[in-house]
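Only the coordinates and a few stated rules stand behind these numbers; no lab work does. The model shown is predicted, which means the values in this text are computed figures rather than measured ones. All Cβ positions, even for glycine, are placed from backbone atoms using ideal geometry, and neighbour counts span all protein chains on display.
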Ligand code: DAT
Ligand code: MG
């Protein structure tokens, strides 16, 4: 089964959206296999957003993402990497479709509420930098036969 990294950013935590965002993935049928609330150290933020190191918004992005607690999670299920990106909506909330997380809760690109890995390779990389192997749980859910055919 595929896994992806999803994170409620400091704006989402401050606005009380952690439960709402977790609920959307739960209701969809995805399985929560890792979860923690913590404030990201600058070095970890710079690693996580390393692909944007040379962009004009990089410093502001790192300052923002380290400004308060984030809720980091790993979700598991069929095609969950692409599904999570669709559920988040476009990076710029102004362009995100209504009903997506960013299209429901966001306005500015620098306050887009939540993160999701953009590919299977990114998911593996991001899960590896945010979670120890022992923090990722394997467990059965009786309900899975009602979610997967
Ligand atoms: P995503 O989070 O959808 O994967 P990304 O990886 O291109 O988007 O950018 C990472 C974050 O950086 C994004 O969630 C918000 C911020 N960001 C991206 N483009 C930006 C821009 N043009 N101005 C300000 N912040 C930006
Ligand atoms: Mg990205």
Next item on the list: Go through segment 103-124 residue by residue and tally those that are within 14 Å of residue 7 (Cα to Cα) and within 14 Å of ligand 2 (Cβ to nearest atom).
Entry: 9
Next item on the list: Read through the list (1) under 12 Å from the mean Cα position of the chain (by Cα); (2) within 16 Å of ligand 2 (Cβ to nearest atom); (3) under 16 Å from residue 22 (Cα atoms), then give the number of the only condition that residue 100 fails.
Entry: (1)
Note to self: Quick check on my filter: what residues within segment 117-130 are within 22 Å of residue 42 (Cβ to Cβ) and in contact with a strand residue (DSSP E or B) (Cβ under 7 Å, 6 or more places away or on another chain)?
What the structure shows: 117, 126, 127, 130
Notebook entry, point to check: What number of residues within segment 7-45 are within 18 Å of residue 146 (Cα to Cα) and either part of a loop (DSSP other than H, G, I, E, B) or in contact with a strand residue (DSSP E or B) (Cβ under 8 Å, 6 or more places away or on another chain) (or both)?
Noted result: 6
Checklist line | Subset tally (residues that are more than 16 Å from the chain's Cα centre (by Cα) and within 16 Å of ligand 1 (Cβ to nearest atom)) for segment 18-42 | finding: 1
Notebook entry, point to check: Residues in segment 80-97 that are more than 12 Å from ligand 1 (Cβ to nearest atom) and more than 15 Å from the chain's Cα centre (by Cα): how many?
Noted result: 1
Item checked: Among (1) within 16 Å of the chain's Cα centre (by Cα); (2) more than 9 Å from ligand 1 (Cβ to nearest atom); (3) free of Cβ contacts under 8 Å to residues at least 40 places away in the same chain; (4) within 27 Å of residue 29 (Cβ to Cβ), the one test that residue 45 misses -> (4)
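Matching residues to (1) surrounded by 15 or more Cβ atoms within 10 Å (Cβ to Cβ); (2) away from ligand 2 (no atom under 16 Å from the Cβ):
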site	(1), (2)
3	yes, yes
7	yes, no
13	yes, yes
17	yes, yes
21	yes, yes
24	yes, yes
28	no, yes
31	yes, yes
35	yes, yes
Checklist line | Tabulated pairs, segment 116-133, first within 23 Å of residue 101 (Cα to Cα), second within 14 Å of ligand 2 (Cβ to nearest atom) and part of a loop (DSSP other than H, G, I, E, B), C-beta under 6 angstrom, 6+ apart or interchain | finding: 123/117; 126/117
